[in-house]
Amino acid sequence: MKRLLIAAGLMLVAGPAHATSGPGCLIVTGVAANDVLNMRAGPGTSHPVVDVLPPGNHGIIHLDGPCVPKSVKPASRWCKVSHYNGDKVTKGWIKRRFTIDSDCP
């Protein structure tokens, strides 16, 4: 029985990464219905776009750490995120000013 429990625990640890439930997610806001929020490869507009997040239809955006730099007002910060949309996961950066906090599903 002990071996079975250890094996089951290892399968859980080795499984695919998923967004967690509870606080730590974001929702796109302040973007026109016919526009998108660009997710970029790095924290700034000079980095290439790696994904687009349409308001109201963007899947789960999980905040992966604090938004930076801390020396500027929160709306001017960039946030490192993971975007879960169906089976696709994209990692990148989005501008904090275009998001609001949300609980993860």
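Values quoted throughout were computed directly from the atomic coordinates according to the rules given, and no laboratory measurement underlies them. In this text the structure is predicted, and so the values were computed from the model without any measurement. All Cβ positions, even for glycine, are placed from backbone atoms using ideal geometry, and neighbour counts span all protein chains on display.
The table that follows gives values for the structure above.
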quantity: Coil-residue trypsin sites (Lys or Arg not before Pro) of segment 16-101, DSSP, other Cβ within 10 Å capped at 14; calculated: Lys70
quantity: Segment 19-104 shape via C-alpha gyration tensor axes, a/c threshold 1.5; calculated: rounded
quantity: Positive minus negative residues near Pro23 (Lys, Arg vs Asp, Glu; Cβ under 15 Å); calculated: -3
